[in-house]
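Trainee: Handing you a structure now.
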Amino acid sequence: MSTTSRRVAVVGGGIAGLAAALALRTGDDAPEVVVFEGDQRVGGKLHTSPFAGHPAIDEGPDAFLARLPWGTALARSVGLGEQLVSPAAGKAAVWWNGLHDIPQGLLLGMPTDVMALAKSKLISWPGKIRAATEPFRRRTDLQPDSLGGYVRTRFGSEVHVRLVDPLVGSIYAADTDHFSLAAVAQIADLAAKHRSILVAGRKMPAPPTNAGPVFYAPSDGMGALATRTAAAVTEVGAEIHTSTVVATLERDGGRWRVNGGAFDAVVLASPAAASATLVRPFAPETAASLAAIPAADVAMVTLAVPSADWPEHLRALSGYLVPKPMQRLVTATSFGSQKWAHWASPDQVVLRISLGRDGLPVLHLSDEQLLAAAVDDVSRHIGLALQPTHTRVTRWAGAFPQYRPHHAERVAAIQADLPPGLAIAGASYHGIGVPACINSAQKAAAAVRTLLDGLAH
Ligand SMILES: Cc1cc2nc3c(=O)[nH]c(=O)nc-3n(C[C@H](O)[C@H](O)[C@H](O)COP(=O)(O)OP(=O)(O)OC[C@H]3O[C@@H](n4cnc5c(N)ncnc54)[C@H](O)[C@@H]3O)c2cc1C
């Protein structure tokens, strides 16, 4: 039987599910593909909407890493290549009883250049001296697999609390004391290969001057990556059913039933907690492992404020991070219309304010309370009583999977134990960034295609 008469279901129409569907339909002998998305729209966390007179301001991610190939390649393949833009203002700060520039020469917050750290006012002299002793410390045991534990052991708690935790924590909405070191590949690779990060950092080649942008985003916002991918998915003949929650996944001999319909294979591109519910009836242990991948809630408050009041000294910044000891509810603020030239207008500044993280719950608060907290915190941080002309509150429940220590082993065990014909993809497993989600989806699609090819012969 050729694979064209085979059917594959994809659960979840976020970027992972859409990328999986596109990959499944690519090439000869592609199976039929049906994407089931519970929400009324595709895209999951990728969501862009009009705000304060601007047609497209992101409610979730506003960019993807250009250094990893999968986001850029997908964007180009769905016709967004000409639309990709990069941030204008690159300089971010850390708020520690005032705004401080982030020192030069950091690798995800870890110093690689002790002289640059010495110039920073963010770290005290005892903190700098402690960090400078890093080359003299013996090799750190990586087995506890705690990012926070590793950084503190090497550089001391100031570098951890004021630099690494806010920088990495803001990417993952994490508390890095409870986050896997191995999951942050840039740091984990250095830690595995070198005893001292500072010594290794000295030997690292400077990034090439023509390295290109660090981040890209479609000028119509990240939502465009989802909607254009969805359009490409339907163009290649797959079906997308929105407002269709997959409530049941059943084994049916060697096949699968998804909401009662028959399929040969299923890609679970839903968050781990949702996938756990689906597999529990026939794979309770795998379900327990999936359910043990927690996810943090966050809220994103978007404000427009009159630019006439906006302090001059903030105009060169893309935003700032707030380290844990200084946090009330706000963890980071992006000065969106300074970060993105195409969001700028003469009369207003657009701010995107992140509230909450792992260990700092926020979604028990009403929209009014979240808005008040955001205005209050940011006003205090920047020394200006914000008077927003437009406001928007986006609630993201379970949005950021938390990679606890030994996450990679847990995911490997889940993948090994999944019954044949099931594959997993998306942010819960091999990286939460958009490119990593796309990569995991393409790998899941390839595994399914291999399985179907095997069935065909
Ligand atoms: C506020 C915020 C800012 C971010 N910033 C960045 C950034 O700047 N850069 C970056 O690279 N990443 C960023 N991320 C992370 C990134 O956006 C996500 O990790 C990624 O988009 C997740 O994609 P996904 O397809 O795995 O999951 P999702 O987008 O969560 O998609 C899963 C989909 O499955 C659906 N679903 C769940 N259960 C079922 C079911 N039973 N039946 C049918 N459908 C179901 C859901 O409705 C959802 O649409 C950010 C995330 C957030 C929330």
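Trainee: Per residue of the stretch 301-318, in order, report the coupling 6.51 cos²θ - 1.76 cosθ + 1.60 (Karplus, θ = phi - 60°) as ³J(HN,Hα) in whole Hz, putting x for Gly and Pro.
Mentor: 9, 10, 10, 10, 10, x, 6, 4, 7, 5, x, 4, 5, 8, 5, 8, 9, 8
Trainee: Setting aside same-chain residues fewer than 8 positions from residue 324, which lysines have a Cα under 24 Å from its Cα?
Mentor: Partners found: 91, 119, 121, 128, 339.
Trainee: I've got another one for you. Which of 204, 26, 133 sits farthest toward the positive end of the charge dipole of the chain, with +1 on the Cβ of Lys and Arg and -1 on the Cβ of Asp and Glu?
Mentor: Of the candidates, 133 comes out farthest on the positive side.
Trainee: Another one. Give the value in nm², to one decimal: projected area of the alpha carbon convex hull of the stretch 247-318, averaged over all directions.
Mentor: Spelled out: convex hull of the Cα atoms, projected over all directions, averaged, 8.7 nm².
Trainee: Then there is this: So how strong a dipole does the stretch 315-443 carry about its Cα centre when Lys and Arg Cβ are +1 and Asp and Glu Cβ are -1, to the nearest 20 debye?
Mentor: 220
Trainee: Please compute, for the alpha-carbon atoms of the stretch 144-250, the extent along each of the three principal axes and give them in descending order in Å.
Mentor: In descending order, the Cα extents are 53, 43, 25 Å.
Trainee: Taking one equal scatterer on every alpha-carbon of the stretch 295-401, how large is log10 of I(q)/I(0) by Debye at q = 0.18 1/Å?
Mentor: Debye intensities relative to I(0), on a log10 scale: -0.84.
Trainee: Just to verify a number: FRET efficiency for residue 285 and residue 204, C-beta to C-beta distance, R0 = 35 Å, to 0.05?
Mentor: Result of the calculation: an efficiency of 0.25.
Trainee: On a straight-distance basis, which lysines could pair with residue 193 in a cross-link, Cα separation under 17 angstrom, same-chain partners fewer than 8 positions away excluded?
Mentor: Candidates past the 8-residue exclusion: 203.
Trainee: How long is the stretch 101-203 along each principal axis, judged by its Cα atoms, biggest number first, in Å?
Mentor: 31, 28, 21
Trainee: Find, to one decimal place in angstroms, the Kirkwood hydrodynamic radius of the stretch 183-340, where the mean of 1/r is taken over every pair of different Cα atoms and then inverted.
Mentor: Evaluated over the stretch 183-340, this radius sits at 21.8 Å.
Trainee: Another one. What are the radius of gyration and Dmax of the chain, computed over its Cα atoms and given in Å?
Mentor: 22.8, 71
Trainee: What translational diffusion coefficient, to the nearest whole µm²/s, does the stretch 1-157 have by Stokes-Einstein, given a Kirkwood radius computed over alpha-carbon pairs, a temperature of 20 °C and 1.002 mPa s viscosity?
Mentor: 104
Trainee: I need the per residue convex hull volume for the stretch 68-147, using only the alpha carbons, in cubic angstrom as a whole number.
Mentor: Given the Cα convex hull of the stretch 68-147, per-residue volume reads 174 Å³.
Trainee: Under 5 Å between amide hydrogens, which residues at least 5 positions from residue 400 or on another chain qualify, with H placed 1.01 Å from N in the peptide plane?
Mentor: 296
Trainee: When 452, 99, 46, 384 are ordered from fewest to most other Cβ atoms inside 10 Å of their Cβ, what list results?
Mentor: Ranked by crowding around the Cβ, least crowded first: 384, 99, 452, 46.
Trainee: Compute the relative contact order of the chain as a whole-number percentage, counting only Cα pairs closer than 8 Å that sit 6 or more residues apart in sequence.
Mentor: Reported as a whole number, the value is 25 percent.
Every number in this text was worked out from the coordinates using simple rules, so none of it is lab data. Keep in mind that this is a model prediction, so the values were computed, not measured. Cβ: placed from backbone, ideal geometry, glycine included. Neighbour counts: every protein chain shown.
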